[in-house]
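Worksheet for the structure shown next.
FYI, it's all coordinate maths here, none of it is from the lab. Note that the structure is predicted; figures quoted are calculated from it, not measured. Note: ideal-geometry Cβ built from the backbone for every residue, glycine included; neighbour counts use all protein chains shown.
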Amino acid sequence: MVEALRRSTIELVITRHEQAAAFMAATQGRLTGQPGVCLSTLGPGALNLATGAAYADLGAMPMILITGQKAIRSSRQARFQIIDMVSTMKPLTKSSRQIVSTSSIPAIVREAFRVATEERPGPVHLELPEDVAGEPADGYALVPPRVTQLPVASKELLDQVAEIIRGAERPLVMLGAGTSRPRLGDDIAEFLSRTHIPYFSTQMGKGTVSKSPDDKITALWLGTAALTERDYVHRAIDRADVIITIGHDTVEKPPFFVSDHVTIIDIGYTAPHVEEVYVPDLVVTGDVGSSLRRLAERLAGRVPNASALLEMHDEIHERTLAGSDAATFPVTPQRLVADVRKVMPDDGVVALDNGMYKIWFARNYKTAVSNTLLLDNALATMGAGLPSAMMAAILYPERRVMAVCGDGGFMMNSQELETAVRLRLNMVVLVLQDNAYGMIRWKQAVDELPDFGLTFGNPDFVKYAEAYGAKGSEVRATEDLVPVLNAAFEGGGVHLVVVPIDYSANVRVLVEELRDQVESQPAEEF
């Protein structure tokens, strides 16, 4: 197979760990809608793809995984390295099958791409035994792709939904993970622009809408539900009497808890799973873009109370962004997010690993172009930030691309710095250093448990980057963060920037202030 790749026009990227290859392939699927493909050897190499398969499965990212296997017609090496990967991958993928003959390969591969891309998108696993891989395969015609249409919602259902929205006193739109599909951005923007209903997003629904030239859509954004309850944006959620959820995927942590006083209208490609925390009243299933376009025709200029919750916009943003100018050092997460926003152009891509900073970016980072903030609130795995940013840098070489990683998550796949350097990518890797697993440390503090078992040491990150042939810089003062990041981008190549971070705001802001300032104040007085 590798020899066939050498003679093809397909670019083969060698990573330093199979997990990184899977993260990169999944990110290609997320950003383009077309499956990325990753491959590995059998046994331990195939098992190393498992986390990436789960990442793509929960995150609805189309991807093809190809793994090797020992010959199936003989067993000259007995059970050496043999793992039943087809069974192992079944619960982590949409489909997992073994290829048993060369004549079946064109149909199997075409079916794999169809299954991976159809709603709900996800990973597909193919196992290629070595004796089948070694067979001549001349003369087998490829199976051409077939375009399939998504089903559409009925006129009667859309009429019913439109009537409920027109009669709402305080309507609100929520954008979920499913709105990140590349094909959907324009339809969402048109729906919001024509209805003037304010909206918020889940973590994975954040940054899925580009701002309009007149900035009207940006003015409708109330914030991101980075927490499940009690945050400032939840005051608007709690006051809403009708919430239209678009593309909500219950793999995410709940963006809010459903109460009796609100009507939930779910618009999605597939029917939502019934969960303890999410039971919609009406479900619109089918092509989301088509549903939104036809609803916009029914609602444009006909939602008398569309802007009822917009009066809360300014104060929500003012309170959420408080502390963004803090000059203390080590840098606070609020200041970090504000400074990253300053150095990233509208189309710049920020790929987050998983850590405490993800909540701060979800709350505070404003996006202007769709799919420019990549975060994972489904599997929420550590180690994905650097590979995801690498794929974004491959796809968008003309844009600024930044990976934001905690020191814990970065070190889980830090060896991929060599891959990025070898590929001559242009990207910045921002490593936030607190010498601890900060999110779990926060949870210990919230539960008033002793700080235990979560700290570690780190290498000299600047020297570490240089050892791979990358550049390295260390931020020693808060006011230096923006100039250091700008210089890193302007210098080109792979540049690691390490900055110490002070997470004391995790408890003070996300627990104590929200408890004291939000719960004690009635919504109507907000």
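If I stretch the segment between D325 and Q81 completely, what's the gain in nm (0.36 nm per residue apart, minus their alpha carbon distance), one decimal?
82.3 nm
What is the order of R79, R441, R166, R335, fewest Cβ neighbours within 10 Å to most?
R79, R166, R441, R335
What are the residues whose amide H is under 5 Å from the amide H of S95, where those residues sit 5 or more places off or on another chain and H is modelled from the backbone?
H125
Let's see if you can work this out: charge +1 on each Lys and Arg Cβ, -1 on each Asp and Glu Cβ, no other charges. What is the dipole magnitude of region 2-133 about its Cα centre, in debye to the nearest 20?
It comes to approximately 140 debye.
Would you pull out the residues with amide H under 5 Å of G223's amide H, same chain only if 5 or more places away, H placed 1.01 Å from N?
S201
Figure the gain on full extension for S193 and T455 (residue separation times 0.36 nm, minus the Cα-Cα span) and round it to one decimal in nm.
Working: separation 262, 0.36 × 262 = 94.32 nm, distance 4.76 nm.
Fully extending the segment from S193 to T455 adds 89.6 nm.
Can you sort D241, D434, D325, D407 by how many other beta carbons sit within 10 Å, fewest first?
So the ranking, lowest neighbour count to highest, is D325, D241, D434, D407.
Any idea how far the Cα center of region 91-149 sits from the one of region 342-377, in Å?
34
Nothing charged except the Cβ atoms of Lys and Arg (+1) and of Asp and Glu (-1): what's the magnitude of the dipole of region 467-514 about its Cα centre? Round to the nearest 20 debye.
The calculated dipole for region 467-514 is roughly 200 debye.
Evaluate the distance, in nm, between pseudo-label points positioned 7 Å from the Cα of T9 and of R114 along their respective Cα→Cβ axes.
2.5
If you place +1 on the Cβ of every Lys and Arg, -1 on the Cβ of every Asp and Glu, and leave all else neutral, what size is the dipole of the chain about its Cα centre, to the nearest 20 Debye? Before the final figure, lay out the partial values.
Working: 50 positive and 66 negative charges, 344 e Å.
Charge dipole of the chain: 1660 debye, to the nearest 20.
Choose one of G36, T179, L222: the residue whose Cα lies farthest towards the positive end of the charge dipole of the chain (beta-carbon charges +1 Lys, Arg; -1 Asp, Glu; about the Cα centre).
Comparing the listed Cα positions along the dipole, G36 ranks first.
Work out the P(r) tail for the chain: percent of alpha carbon pairs separated by more than 45 Å, whole number.
16
For a Förster distance of 30 Å, can you work out the FRET efficiency between the beta-carbons of R16 and E398, rounded to the nearest 0.05?
0.70
Which of the listed residues, P345, T270, T148, is farthest toward the dipole's positive end in the chain, when Lys, Arg count +1 and Asp, Glu count -1 at the beta-carbon?
T148
May I ask you to derive the FRET efficiency for A137 and E466 from their Cβ-Cβ distance with R0 = 56 Å, giving the value to the nearest 0.05?
Numbers: r = 46 Å, r/R0 = 0.82.
After rounding to 0.05, the efficiency reads 0.75.
Counting only helical runs of four or more DSSP H residues, what would the 222 nm mean residue ellipticity of the chain come to if each run contributes -39,500 (n - 2.57) and the total is spread over all its residues?
On the way: 22 runs with 184 residues, N = 526.
Result for the chain, helices only: -9500 deg cm²/dmol.
Rank these for me by crowding, K358, K471, going from fewest to most other beta carbons within 10 Å. Let's see the in-between values first.
Working: K358 22, K471 18.
Going from sparsest to densest Cβ surroundings: K471, K358.
Specify which residue in the list G457, A20, F257 is farthest towards the positive end of the charge dipole of the chain, using unit charges on the beta carbon of Lys, Arg (+1) and Asp, Glu (-1), about the Cα centre.
Farthest towards the positive end: A20.
Greater than 28 Å separation of Cα atoms is the criterion. Which listed pairs, K211/K358; K342/K471; K90/K443; K216/K443; K211/K342; K70/K94, meet it?
K90/K443; K216/K443
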